[in-house]
Amino acid sequence: MHSIILQGSGLSPALAQQAAELAGAQRIDTTRTGVARLSGFVAEPQRAPLRDLCEAAKVDCAFVDTPMLLTDLRLAVMDMDSTLITIECIDEIADMQGLKPQVSAITEAAMRGEIDFRQSLARRVALLKGLEVGALARVYDERLKLSPGAEPMIASFKATGIKTLLVSGGFTFFTDRVKQRLGLDYAASNVLGVQDGRLTGLVEGPVVDAEAKAAHLRETCALLGCVPAQAIAIGDGANDLKMMAAAGLSVAYRAKPVVREQARFSISHNGLDALLNLFDREA
């Protein structure tokens, strides 16, 4: 065990000390603001009790088995809806039709992995048929917000030379704008059909589903001349699991239980930039 990283608003010196005793850690490093790094273990820590202690205090707990450097990464792949941004765009579009509860229920089931993503996407988009395309701009202007920590996380990726890929089961109207707003390198998502200024209720072209997300990760790695082991993937729903499995490092961000269980790391009580604290500082 290399270290255990604790972070969150509920972190206190007393909690850090309690966690260190529970983990058998001999050192507590608090040089990073709001972060406690435990190390110097006398034995392999019992993880479940530590997780329970931290969850009760709304503190994220990460077990870092080997040292990690941000410079080891070449590509960061991110989901958009409820990951890089705080909303599910399709749910907010549906709200313009007075159909948010119906669409949100399908979205939630798909994110939990209870129904096929392609089927769920077709059902949701069909409900939007006839909506004026101007509603998309209203969602972007009035409701779309970046997730906490998104901008400093992206800035650190850029400063380290890590390329960024936004890959979403959402729509190009939003991914194109978020890509430009944050200066991301690549983006891939679905195209909403439009005719005479209104949504057709159909998706045009190939659907970006779980398999496509993983494929975009691998293809972008090939383009960059790196391997998927040098990629980090960040997501929150079942549609992200295949790309997260393809990456060398996976992070579940405020995610569904099925995703938290399978991701290497999980961030539930902090912003996206909390993942930066999982990495060692360069020598």
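Each value in this text was obtained by applying a stated rule to the coordinates, not by laboratory testing. Keep in mind that this is a model prediction, so the values were computed, not measured. Positions of Cβ are generated from backbone atoms using ideal geometry, with glycine treated the same way; all protein chains shown enter the neighbour counts.
How do the pairs read when you match residues in the stretch 138-165 that are farther than 14 Å from ILE232 by Cβ with residues anywhere that are among the basic types (Lys, Arg), using Cβ under 9 Å and keeping only pairs 6 or more apart or on different chains?
Once the first residue is farther than 14 Å from ILE232 by Cβ and sits in the stretch 138-165, its partners that are among the basic types (Lys, Arg) give TYR140/ARG177; LEU144/ARG177; LEU146/ARG181; SER147/ARG254.
Looking at ALA57, ALA16, ALA43, ALA48, which one is of a type outside the set (Lys, Arg), touching a helix residue (DSSP H, G or I) at 6+ places or on another chain (Cβ under 6 Å) and more than 19 Å from ASP236 (Cβ to Cβ)?
Going through ALA57, ALA16, ALA43, ALA48 in turn, the sole match is ALA57.
Looking at ALA245 and the list (1) assigned to a helix (DSSP H, G or I); (2) free of Cβ contacts under 8 Å to residues at least 60 places away in the same chain; (3) touching a helix residue (DSSP H, G or I) at 6+ places or on another chain (Cβ under 7 Å), which single condition is not satisfied?
(3)
Which ones in the stretch 134-177 are closer than 30 Å to GLN195 by Cβ and among the small types (Gly, Ala, Ser)?
Selection gives GLY134, ALA135, ALA137, SER168, GLY169, GLY170.
For residues in the stretch 30-55 being over 26 Å from the mean Cα position of the chain (by Cα) and in contact (Cβ under 8 Å) with a residue 24 or more places away in the chain, which is farthest from ARG254 (Cα to Cα)?
PHE41
Could you please let me know if SER189 is among the polar types (S, T, N, Q), more than 22 Å from LEU70 (Cα to Cα), buried (at least 20 other Cβ atoms within 10 Å of the Cβ) and in contact with a Gly (Cβ under 8 Å, 6 or more places away or on another chain)?
The answer is yes for SER189.
Just to be sure, is PRO152 farther than 23 Å from GLU108 by Cα and touching a Cys at 6+ places or on another chain (Cβ under 6 Å)?
no
Can you tell me how many residues in the stretch 226-242 are part of a helix (DSSP H, G or I) and either under 11 Å from the mean Cα position of the chain (by Cα) or crowded, with 20+ Cβ neighbours inside 10 Å (or both)?
Total satisfying the criteria: 5.
Among all residue pairs at least 6 apart or on different chains, which show Cβ distances below 6 Å where the first residue, located in the stretch 174-186, is closer than 13 Å to LYS158 by Cβ and the second is not aliphatic (A, V, I, L, M)?
What qualifies is LEU184/THR164; ASP185/LYS163; ASP185/THR164.
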